[in-house]
1. Inspect segment 230-239 for any residue being in contact (Cβ under 8 Å) with a residue 24 or more places away in the chain, touching a helix residue (DSSP H, G or I) at 6+ places or on another chain (Cβ under 6 Å) and either more than 25 Å from residue 416 (Cα to Cα) or not assigned by TED's automatic domain parsing to the domain that holds residue 409 (or both) and give the result as yes or no.
2. Return only the number of the condition from (1) surrounded by fewer than 16 Cβ atoms within 10 Å (Cβ to Cβ); (2) at pLDDT below 80 that residue 207 does not satisfy.
3. Would you confirm whether any residue within segment 376-396 is under 25 Å from residue 293 (Cα atoms) and either assigned to a helix (DSSP H, G or I) or touching a residue at least 40 places away in the same chain (Cβ under 8 Å) (or both)?
4. Looking at (1) in contact with a helix residue (DSSP H, G or I) (Cβ under 9 Å, 6 or more places away or on another chain); (2) modelled with pLDDT of 85 or more; (3) closer than 30 Å to residue 35 by Cα, can you tell me which one residue 115 breaks?
5. Looking at segment 61-102, which of the residues that are in contact with a helix residue (DSSP H, G or I) (Cβ under 7 Å, 6 or more places away or on another chain) and at pLDDT 80 or above is surrounded by the fewest Cβ atoms within 10 Å (Cβ to Cβ)?
6. Being surrounded by fewer than 16 Cβ atoms within 10 Å (Cβ to Cβ) and modelled with pLDDT under 85: is that true of residue 141 here?
7. Based on this model, can you work out whether residue 149 counts as in contact (Cβ under 8 Å) with a residue 24 or more places away in the chain, more than 30 Å from residue 36 (Cα to Cα) and in contact with a helix residue (DSSP H, G or I) (Cβ under 9 Å, 6 or more places away or on another chain)?
8. Just give me the residues in segment 15-36 being surrounded by fewer than 18 Cβ atoms within 10 Å (Cβ to Cβ) and at pLDDT 85 or above, in sequence order.
């Protein structure tokens, strides 16, 4: 009897090793593996080889656990049931062999679940990296030994899947953007990073959905210098470091003047003696539909800080600066000359310039918002027109996600709209 008990205990230990190995190996992330390799830990390369194909090592572990469970049940049922019947007979208790097998199986299942599954998995979860490095050589050996069984299981599984008319999903471990966003929110809840960091990471994912014309400074609000009537005092009053330059009309873009270049000229000259045209730098021109993640890279690589947005009709729609793009990540940036009012709530706002013909559904999808009370409107222009009727006399209209304001009109028709989102209302 005791040799059988020792053999069953050994099989439970084998079961526990593979159960713990499974938990440890599936817990290893690409980041964990990278850290292990750069630290030069023993068995790092072998661990990478093992976890490279999750199907193979999981199948190997499952085969080993199945064999261990099957053998322990077989030995216990055939060898210990008779001993249990004879033991109970001493106390005048009659027990059939079939019932004895069931009782032995239940008792064995309890110990197998506790000692062979639950406890080892909990132990592996405490330090999965350490246990994964320890078990990798053994799992690799068993992967080689059980290769025929794993192959047979794989083709059998694939055959059944095909018979059921199902298709196997590839790239099961591929992480989607939504899953990353969920992890960001979860990490914030768990206290891994603060609200500001969470908001910044969420905004980064929106960069490829936002176009240049959505966050530009519109044509009507551009403070620039006209070469036809250069009045340099305008540059001083503007308090900007870069000034757009035009010639007669804002559609005739000449380029940009750097205020620091003007200051260098004024060191030795009077203001009326300065040759303004010699200070103009070549303009950086982009299309209105350029995504700002692409624009950010291009401006960074070309050392540009200001871009002119020109439409298909060669008309100036607005300008966009590097600061405008960065604000989409970090929120509004204010310098010493910006007036934001005492305790202004605009610190938590992000502004977007929208064409009136843009569909509400497109805006909601790109910005990840839900505009309420649309009343059947399809475009943002129709929506704002209705809101203006409801809020007579108001220039800034509050909506559920922030505020809206008309920037420009073409006759009675709304042309451009400013949408400011209150970040505190977005989740």
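The values are calculated or read from the model by the stated rules, or taken from the named source; none is laboratory data. Note that this is a predicted model, so its numbers are computed, not measured. In this analysis, Cβ positions are derived from the backbone assuming ideal geometry, glycine residues included, and neighbour counts consider all displayed protein chains.
1. Taking every residue of segment 230-239 in turn, at least one turns out to be in contact (Cβ under 8 Å) with a residue 24 or more places away in the chain, touching a helix residue (DSSP H, G or I) at 6+ places or on another chain (Cβ under 6 Å) and either more than 25 Å from residue 416 (Cα to Cα) or not assigned by TED's automatic domain parsing to the domain that holds residue 409 (or both).
2. For residue 207, the failing item is (1).
3. Yes.
4. (3)
5. Result: 71.
6. It is false that residue 141 is surrounded by fewer than 16 Cβ atoms within 10 Å (Cβ to Cβ) and modelled with pLDDT under 85.
7. Yes, satisfied.
8. Of everything in segment 15-36, those that are surrounded by fewer than 18 Cβ atoms within 10 Å (Cβ to Cβ) and at pLDDT 85 or above turn out to be 26, 27.
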